[in-house]
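The values are calculated or read from the model by the stated rules, or taken from the named source; none is laboratory data. Predicted model only: the values in this text are computed from it and were never measured. Ideal geometry is used to build each Cβ from the backbone, glycine not excepted, and the neighbour counts take in all protein chains shown.
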Amino acid sequence: MQAGTRICPKCERGFPEETAYCPFDGTPLLLSETSTAEEIQAGLARQFRIIRRLGAGGMGVVFLAEQLMIGRPVALKVLHRKFLDEPEFFIRFRNEAASTGRIRHPNVVTIYEYGQSEDGSPYIAMEYLEGETLRQLLKSRGALPLPEVADITRQVARGLNAAHKLGIVHRDVKPDNIFLTLDDEGERLVKVVDFGIAKLRELATDTTGGIVMATPAYMSFEQASGMRSDQLDGRSDVYSLGIVVYEMVTGRVPFHSDTPLGYVRKHISEEPPLLHAVRPDLRIPKSVERVIRKALTKNRDERYATALQFASELRDAALGEQALLPMRVLRPQPTVFPDEHLAFKAADGSAAGTAVATPPTPPRVEIEAPPRRYPTPERAPARRPESHPPVVPPSQPARSASARRMTLVLGILVLGSVGILFWQNRSLVRRLLAPKEVTPTGNKAEPPAPPMGMMEIPGGTFLMGRNEASNPEETPAHSVSVPPFFLDKTLVTDQQYAEFVRATSSPALPQSASAGSAPEQGEWPVTDVSWYEAGAYCGWQGKRLPTEAEWEFAARGTDGRLYPWGNEFDPRLTNSTESKLDHPDPVGRRTAAASPFGVLDMSGNVWQWCEDDYKPYPGRQASFAIPPDAKVIRGGSFRSDQHHVTAATRNLEVATERSPRIGFRCAKSR
């Protein structure tokens, strides 16, 4: 680190001396210390011998040193003397060091000693480790195989659990603070490091009013929401560990932003992207997806209560799938990450307190997915006609020659009778087949009435999408013309779909429909239905799925409103997270939330399949890998907040997915 450089104590970035505030998070910058190893050695000569410098950051310098009384190597963290100007800092430093020093567990780095050097600098002497951080492993290998993810998570969870039982919360769980080394038998040993550093960083900056601003990409929902550090518990670490597991499985974190405040907003208001939507090439089992999403639940009461419970269910999901599925070996695929700043970064990029000896990259193992029970893109049509019911009549036994002759004779007699009737009533037939007459005023006759249960949408030109959207996938606003059509007034219900299943002898009944024994639940929107199955139902009805443009036009009308009922959010008009219902509502219940054309259930409750392949709006490039069979879903669900149940919100899901939060309605051309 060069003299005169200023350091941000939060993000650890360095800036020129004339810069006063961090341009990324607004934190006041600290002037870096220029103390040399010789100066520090002079203050610690009685206890330690400095061997070499390992790294430095906004809070201090880390050295490899020898503890003279015992003769063992230690990672020696020496904090800057300027912190002594804060009257409470050294008291907090001693308390945190003593607290974390009580954690005695193989999966937690051991603190040997703490105190002050002769010149007053606080220091911590801890276990010296050789190996690499999880961050370095992910940078070199990318996504990890599920058995390896489960093993690393299990060891991290054990270390966190040991701390949580003592009432200690890490507050900054991330790949940089997870260290991979070897035990005495040559087996991988995972250790959690830097307990208490987040709280010391809080006191050092003194700008958050008791709020710990952890590493933005990995902070918990509670931290992003502004919860005080003394109100956090172990479930905050479970959320952050869920982010780490998401990254190990996919090779990337669920949320990306250019600023810390952008991360805060995403942790608070956005759901993590589906794993298979981020990495469709990996074919991640749904059981693993469910476990990770539970760890990332916004409501901590619905999250795993302990890190051990999270790790146990992840192991069962990962290894259970592994035992059933064939394995294949892939070449390593390194993933490029944005720059991540360690709390104490070494000149060679290693974490402070480590000497990196990176092992050779092992081959990557991936699990093959089993064949699905429902149609695949290869077997199912890309688009269905409007009126071809997928009902296959039962095969008939072979008939005799005499029976065939009798059928022919009867057919001739019937055709002859029809011809006679036609001739006798030919004037009536001509009138029925004649084109509609124009009234004297020049207006044509009334159009046909909408089919039962459908609303007439007159068609027109409107601005689809919006420019002032937090989600770039909703931009830009662009003009679209929609011809007249009909649209179901409400979503298809469990009861309606069950009738289709019985009529067509479908081999599988959605869980929601089969469970809908209660009268009210029969009126819930049917879910757990793939895009192909939704289309088959619509075809059975002589209808089709709506296009994305038709759906948005029916929800917004021509005045560009944000919600079907207007521009202001009202929790009484939608089943979103604000309603705290956490399950679907019966369809058509919120009549006051009707769209300009009288269509109901266009906001919240469950997402709705659309006919279209998912793609960016005109003029935009995709910012992520779109699966080849991704289809548009619209409207949000009971798990979406007010910002994601708008009439402009769009999302995607693969066509074969069956989700308890996705349903559908049908459309029909006029």
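Checked against (1) within 10 Å of Ser637 (Cα to Cα); (2) surrounded by fewer than 22 Cβ atoms within 10 Å (Cβ to Cβ), Glu578 passes all but condition (1). Restricting attention to region 549-564, the residues being under 21 Å from Phe485 (Cα atoms) and assigned to a loop (DSSP other than H, G, I, E, B) number 6. Put simply, of Glu148, Glu130, Glu113, Glu118 the only residue that is within 14 Å of Arg94 (Cα to Cα) and surrounded by fewer than 22 Cβ atoms within 10 Å (Cβ to Cβ) is Glu113.
Are any residues in region 436-489 at pLDDT 90 or above, of a type in the set (Val, Ile, Thr) and not in a strand (DSSP E or B), and if so, which ones? If the condition is that a residue be at pLDDT 90 or above, of a type in the set (Val, Ile, Thr) and not in a strand (DSSP E or B), then Thr475 is the only one that fits.
From the list Ala45, Ala97, Ala75, the lone residue that is within 16 Å of Ser117 (Cα to Cα) and modelled with pLDDT of 85 or more is Ala75.
Among residues of region 484-501 that are at negative phi, those with a beta-carbon under 7 Å from a residue that is acidic (Asp, Glu) and part of a loop (DSSP other than H, G, I, E, B) at least six positions away or on a different chain give the pairs Thr490/Asp601; Leu491/Asp601.
Name every residue in region 576-598 that is over 28 Å from Pro458 (Cβ atoms) and either in contact with a Gly (Cβ under 7 Å, 6 or more places away or on another chain) or of a type in the set (A, V, I, L, M) (or both), in order of residue number.
Hits for region 576-598 are Ser576, Leu581.
Within region 588-607, if we keep just the residues that are of a type in the set (Ser, Thr, Tyr) and in contact (Cβ under 8 Å) with a residue 24 or more places away in the chain, the residue that is surrounded by the fewest Cβ atoms within 10 Å (Cβ to Cβ) turns out to be Ser595.
Given the options Val632, Val599, name the one that is in a loop (DSSP other than H, G, I, E, B) and β-branched (Val, Ile, Thr).
After ruling out the rest, the residue left standing is Val599.
Only one of the numbered conditions (1) in contact with a Phe, Trp or Tyr (Cβ under 6 Å, 6 or more places away or on another chain); (2) at pLDDT 65 or above is not met by Ile178, and that is (1).
With respect to the conditions (1) more than 18 Å from Gly142 (Cα to Cα); (2) crowded, with 21+ Cβ neighbours inside 10 Å, Ile243 lacks only one, and its number is (1). Is it true that Ala648 is farther than 14 Å from Thr527 by Cα, hydrophobic (A, V, I, L, M, F, W, C), out of contact with any Lys or Arg (no Cβ under 7 Å at 6 or more places or on another chain) and surrounded by fewer than 24 Cβ atoms within 10 Å (Cβ to Cβ)? When the stated conditions are applied, Ala648 does not pass them.
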